[in-house]
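A quick write-up on the structure given underneath.
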Amino acid sequence: MRHVKSNSFAARITGTGSAFPKNRVTNDDIVKKLQASGIETSDRWIRERTGIRERRIADIENPAEHNSSLGLAAAKKALDMAGKTEKDIDQILYATCTPDTLVPSTACWLQHKIGASQAWAMDINAACSGLIYAVATAKQFIQTGQVKTSLVIGADLLSPFTNWQDRGSCILFGDAAGALVIEREAADSKHQILSCHMLSNGNLWELFYIPAGGSSMEVTPGRYSKNLHKMRMYGKEIFKVAVRTLVDFAQQALAENKIDIRELDWFVPHQANLRIIEAVADRLKFPMEKVLINVDKYGNTSSATIPSVLDEAVRDGRIKNGQTILLDAFGAGLTYGAILLRW
């Protein structure tokens, strides 16, 4: 690929797509499941603490609901919106922490399924911040002229890693995929990704992690019986860090671009918990009616939350040409990131 001077081009999102499993699981369904194991909870308890009413859970025995299959469905919708085909894709960046297989990457599974023979493909694991990291990566390759059209996927199947004996975390998660087509634009285009801001703090790894399943700890029968292959989360601590970092990165992105928050048309935070979103909006003094939300319908779908809620808002007409939009996320790692763009 020919390398040209940095910042010779701009990058613009031209297509969005999303896909969800068929199985809709309500809070009442969760209540019944937990009560069968002797764990008490209620629809009201879940809604008051999270704002979640239902979520989608994949059937992992169904190949149509594998991670890469949901990614494929979302990708096709995004490509159709952008007026592109698989032959136009130069790059596939797949943000996921729940890959189909450790090897090959889920990006390569998607490339195989969609037939993008001209593209190179790789996974990016930044957990719930993955979509931000992937978009930032695509932007750099496009700006330098190495890529013209990038397909970015944010998709996760968290249900296989959910600990159904942990009332505090099992109520939060769902499965989904979202997709963005990002294309090259003239450097002075009014419609472009304006800036990307990212940071990680590995010192906080214990707040959210899965002990077993990597090369450092094989899943043995003994470890399986102890649920060491399931997510471990410390919610109260994460809540505090999440609110602080989402506010900090939002302010950083706005300040760098000399944009007052009152000029922002839409705020698109990671959909982890409605209470986190409300606390962030309150600290930013930003109206909730201008915050895009779908956590009530899908729960926390990790890297799929931002592209899926973006897709909804584009398709129902809330997002319009020329609007200024702020994406903001945090995730296990811990990872953080924000992106400011003009649609």
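The values are calculated or read from the model by the stated rules, or taken from the named source; none is laboratory data. This structure is a prediction, so every number in the text was calculated from the model and none was measured. With ideal geometry, Cβ positions are generated from the backbone for all residues, glycine too; neighbour counts draw on all protein chains shown.
Remarks
- Here is the figure for region 137-158: residues that are in a helix (DSSP H, G or I) and crowded, with 23+ Cβ neighbours inside 10 Å total 3.
- Considering residues of region 22-49 that are surrounded by fewer than 14 Cβ atoms within 10 Å (Cβ to Cβ) and not acidic (D, E) only, the residue nearest to Y298 (Cα to Cα): K22
- Qualifying residue in region 209-218 (condition: in a helix (DSSP H, G or I) and either surrounded by fewer than 20 Cβ atoms within 10 Å (Cβ to Cβ) or among the acidic types (D, E) (or both)): no
- Region 163-184 - residue that is part of a strand (DSSP E or B) and acidic (D, E) and, of those, surrounded by the most Cβ atoms within 10 Å (Cβ to Cβ): D175
- In the set (1) out of contact with any strand residue (DSSP E or B) (no Cβ under 6 Å at 6 or more places or on another chain); (2) in contact (Cβ under 8 Å) with a residue 40 or more places away in the chain, V314 fails one condition alone, (1).
- Failed item in (1) modelled with pLDDT of 95 or more; (2) under 25 Å from T26 (Cα atoms), with F267 passing the rest: (2)
- Hits in region 185-208 - residues which are more than 30 Å from K258 (Cα to Cα) and surrounded by 14 or more Cβ atoms within 10 Å (Cβ to Cβ): L204, L207, F208
- Top-ranked residue in region 282-319 [being buried (at least 24 other Cβ atoms within 10 Å of the Cβ) and among the small types (G, A, S); ranked as farthest from V135 (Cα to Cα)]: G299
- Flag if A338 is farther than 18 Å from A179 by Cβ, aliphatic (A, V, I, L, M) and either in contact with an Asp or Glu (Cβ under 6 Å, 6 or more places away or on another chain) or part of a helix (DSSP H, G or I) (or both): yes
- Boolean, A82 is of a type in the set (A, V, I, L, M) and crowded, with 16+ Cβ neighbours inside 10 Å: yes
- Test: residue in region 258-268 that is closer than 16 Å to T50 by Cα, crowded, with 20+ Cβ neighbours inside 10 Å and either among the small types (G, A, S) or out of contact with any Lys or Arg (no Cβ under 6 Å at 6 or more places or on another chain) (or both): no
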